[in-house]
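Novice: Submitted below is the structure of interest, expressed as structure tokens.
The values are calculated or read from the model by the stated rules, or taken from the named source; none is laboratory data. Predicted, not measured: the structure shown is a model, and the values here were computed from it. Cβ: placed from backbone, ideal geometry, glycine included. Neighbour counts: every protein chain shown. Accessible surface is based on the protein model in full, side chains and every heavy atom, while ligands, DNA and RNA are left aside. Shrake-Rupley method; radii C 1.70, N 1.55, O 1.52, S 1.80 Å.
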Amino acid sequence: DNLRDGLRDTVNAATDGQGVDIVIDPVGGDLATAAFRALAWRGRFVVVGFASGEIPKFAGNYLLVKNVEVSGVQWTDYCARQLDRVQAAQAQMFDLWSNGKLNPVISQTYELADFVKALGALSTAQARGKVILKIGESE
């Protein structure tokens, strides 16, 4: 009911009061604010997007008191500036996936011709995982 304090309290209960070391946030908004409060001392908060449509604001005093860091990752910058690192990271992720160590949640699968429906599922938060567009015949 109280996301702002409830998430922090739940995390603290699960971590013996320590909080989390890192938050990777693609959502922003109220969830970002709550997750930020769940950081451990010297924790890191990484902004990767604003799926909620709301850009979070971080209080400078909280950064100081908790000794936490906020940073951002813009993937296209890495593609433009350090393509070799992007390719190495993607190769490593595909290797983990092919060895069964990554199991992404696939919410829905659509034919390419139904891309409008797929976008609708994403934009209305009906998708609870990856949305797959099939191109051609599947094996």
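Novice: Take the chain, connect every pair of alpha-carbon atoms lying under 10 Å apart with a spring to form a Gaussian network, then pick out the residue of Pro104, Pro26, Pro56 with the largest mean-square fluctuation.
Specialist: Checking each option, the largest mean-square fluctuation is seen for Pro104.
Novice: To continue, here is another question. For the stretch 15-66, state which chymotrypsin sites (Phe, Trp or Tyr not before Pro) are in a DSSP loop and have at most 16 other beta carbons lying within 10 Å of their beta carbon.
Specialist: Taking the stretch 15-66 and a limit of 16 other Cβ atoms within 10 Å, the loop chymotrypsin sites (Phe, Trp or Tyr not before Pro) found are Phe50, Phe58.
Novice: Still on this structure: Along the principal axes of its C-alpha atoms, what lengths does the chain span, in descending order and rounded to whole Å?
Specialist: Principal extents (Cα only, largest first): 55, 39, 29 Å.
Novice: Which of Asp114, Asp30, Asp21 ends up with the largest GNM mean-square fluctuation for the chain, with Cα atoms connected below 10 Å?
Specialist: Its mean-square fluctuation being the largest, the pick is Asp114.
Novice: With a 1.4 Å probe and every protein chain kept in, tell me what percent of the accessible surface of the chain is carbon plus sulfur.
Specialist: Solvent-exposed carbon and sulfur of the chain make up 55 percent of the total.
Novice: Continuing with this model, one more query. Just the accessible area per residue of the stretch 4-112, please: how many Å² with a 1.4 Å probe?
Specialist: Computed with neighbouring chains in place, this is 70 Å² per residue.
Novice: So which trypsin sites (Lys or Arg not before Pro) in the stretch 48-139 pass both tests, a DSSP loop state and at most 13 other Cβ atoms within 10 Å of the Cβ?
Specialist: Answer by residue number: Lys57, Lys101, Arg128.
Novice: Separate question: Within the stretch 1-135, how many Lys pairs that are eight or more residues apart, or on different chains, come under 26 Å at the alpha-carbon?
Specialist: The result is 5.
Novice: Additional query: Which residue fluctuates the most in the chain, going by a Gaussian network model with Cα springs under 10 Å, if the choices are Leu63, Leu102, Leu39?
Specialist: Result: Leu102 has the largest fluctuation of those listed.
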